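Let me begin by presenting the structure, written as structure tokens, before commenting on it.
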Amino acid sequence: MPNKKSPFSALNEKPGISPPEIINAIAVEHIKKFRKIQPSSKELVEGILAGNITALSRAITLVESINSAHLTKANEVINACLPHANKSVRIGITGVPGVGKSTFIEAFGKQLTSLGKKVAVLAVDPSSTISHGSILGDKTRMEELVKDENAFIRPSASGETLGGVARKTRETITLCEAYGFDTIIIETVGVGQSETAVHSMVDFFLLLKISGAGDELQGIKRGIMEMADAIVINKADGDNIKKANLAKVEFNSVLHLFTAKKSGWVPKTSTCSAITHQGISAVWKTITQFLELTKGNNYFFEKRKEQNQYWMLETINEQLKLNFYNHTVIQQLLDSTKKAVQNDEISPFAAAQLLLETYFKK
């Protein structure tokens, strides 16, 4: 007779099912005990530099933590890894949902590992504004790349960060570089605002498109088009090849209308199929041409200096915001002030000014 379950349970487990014999109870206890142990910042750094993927994963988790108690330890790890970083190529990949970003990244990543590259994929999944949860399904979608010993896929939730870039993606890049990854791929959510943030932390910005979406001449948003160093029309296979080639010509025409880039690089447009892998190798060829040009004219290095300065200021803004909302007095006043604003007892601007003045008087 079936086991009776709570009416609130979503489980419908059949009776008689037991853990498989291959599960060793001692091993399970060992893993549980290991997870409870919190390694020091020195141990994490030593593990990262030694090529311990577990140490890298735990360090990224530490860096992503919003617990203020973890901040000092995270900074120690990042600062110790910094001298071993900055030796990779950072590639940002964006495109609207449904363009095939995950499939493309898997094909592209496999192409790079076949060339002897060590690839880290930092994929950012959007967090629900209702439940605040994320699916984090990139490892499932990239089932071949995830098994590649020269690849590392780290999905992260965007949290409350506008635009869908994880709060600590920039620091995660440093950790991955210190580990030894020479190619870092950052996948955006593709919701519009994330492109600017990703562009500020990568060397090469790739825009994925599909034909027949009705926006070839509209060119999505002009700002995103201007940021792109290359446009790749994905899903150029089967009956869609002709449409993809037509879209390529149209996008090329649009790109010529934009102001020349400071780097001296002329953005290129190409087609590919992430399914058949046709055109994937050409994408890497385009990136290497870009690197040769920008390193030769010193733009590559100047851009990285500007990015470091930008992220210093962004970190200051982020920390001020975090300190403000974690302040005890502000937390006590916030709810009542919100209600006053909702009831039109005080304007939103005056309420904000009142809270800020209270905070700075602390």
Evaluate 2.2 N^0.38 Å with N set to the residue count of segment 214-334, then give the Cα radius of gyration divided by it. 1.52
By average C-beta atoms within 10 angstrom, highest first, the peptides 81-91, 64-74: 81-91, 64-74
Okay, which of segment 347-362 sit inside 11 Å, backbone N to the point 7 Å along the Cα-Cβ direction of V329? 355-362
How many nm is it between the label spots at A25 and Y359, if each spot is 7 Å from the Cα in line with the beta carbon? 5.4
Would you mind calculating the gained length between T103 and L246 on full extension (0.36 nm times residue separation, minus the Cα-Cα distance), in nm to one decimal? 49.2 nm
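Using the beta-carbon distance between K339 and Q309 and R0 = 30 Å, what value does 1/(1 + (r/R0)^6) give for FRET efficiency, to the nearest 0.05?
Working: r = 41 Å, r/R0 = 1.35.
Approximately 0.15, to the nearest 0.05.
In what sequence do D335, D237, D229 fall when counting other Cβ within 10 Å, fewest first?
Least to most surrounded, the residues fall as D335, D237, D229.
Just so you know, all these numbers are worked out from the coordinates, no wet-lab data involved. No experiment lies behind these values; they were computed from the predicted model shown. FYI the Cβ positions are ideal-geometry reconstructions off the backbone, even for glycines, and counts take in every protein chain you see.
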